[in-house]
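Scroll down for the structure; my scribbles are underneath it.
The values are calculated or read from the model by the stated rules, or taken from the named source; none is laboratory data. Please read these numbers as outputs of a predicted model, since none were measured by experiment. Please note: Cβ atoms are built from the backbone with ideal geometry, for glycine as well, and neighbour counts cover all protein chains shown. For accessibility, only protein heavy atoms count, side chains too; no ligands or nucleic acids. Shrake-Rupley method; radii C 1.70, N 1.55, O 1.52, S 1.80 Å.
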Amino acid sequence: MFTLKLLGGASPEGPDGPLTGRVSQRRRLAALALLAMSPRLGLSREKLAAMLWPESDGDRARHLLSDTVYVINRALGGEAVTAVADELRLTFRRLSCRPPAFEEAGGRG
């Protein structure tokens, strides 16, 4: 199981500590954080690509997003980011994240 810490800076961690390498690059961390904060609905590929690469044209941004999803899934050992129609979502079976869990617990009282 992996954990995504968002308070104090985004950091994905595995059983052996913080993950390093390509998954810990700035825009990949931003993608994880954005998806973690949208657990119910996910985010459309178009919206996520536009938020992460506003300076790129649509095709280039979509390619960069596909690469980002590939790198994240590979680093987290499987389908951490999944597609539901045109939306991307985190699979919280592979990755836990405290802010969504905190909000859910608050909703339960």
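Students often get this wrong, so try it: which of [x] 44, 27, 20; [y] 43, 31, 25; [z] 49, 23, 22 is Cα extents along the principal axes in Å as calculated from the structure shown?
[y]
How far, in degrees from 0 to 90, does helix 58-75 lean away from the longest principal axis of the Cα atoms of the chain, to the nearest 10?
Helix 58-75 and the main axis of the chain meet at about 40 degrees.
So how tilted is helix 26-36 from the main axis of the chain? Cα-based, degrees 0 to 90, rounded to 10.
The two axes meet at around 60 degrees.
With Cβ to Cβ distances under 9 Å as the rule, what net charge do the other residues near Ser44 carry (K, R +1; D, E -1)?
-1
Which of the peptides 64-76, 45-57 is most tightly packed, and how do the rest follow, judged by the mean count of other Cβ atoms within 10 Å per residue?
The densest-packed peptide leads the list: 64-76, 45-57.
In deg cm²/dmol, rounded to 500, what helix-only [θ] at 222 nm does the chain give when every DSSP H run of at least 4 residues adds -39500 (n - 2.57) and the total is split over its residues?
Theoretical 222 nm ellipticity from helices: -13500 deg cm²/dmol.
Explain nothing, just compute: Karplus ³J(HN,Hα) = 6.51 cos²θ - 1.76 cosθ + 1.60, θ = phi - 60°, for every residue of segment 10-24 in order, whole Hz, x for Gly and Pro.
Per-residue couplings from phi come out as 5, 7, x, 10, x, x, 9, x, x, 7, 10, x, 4, 5, 9 Hz.
Quick one: with all protein chains in place, what share of the accessible area of segment 1-92 is carbon or sulfur, to the nearest percent (1.4 Å probe)?
53 percent
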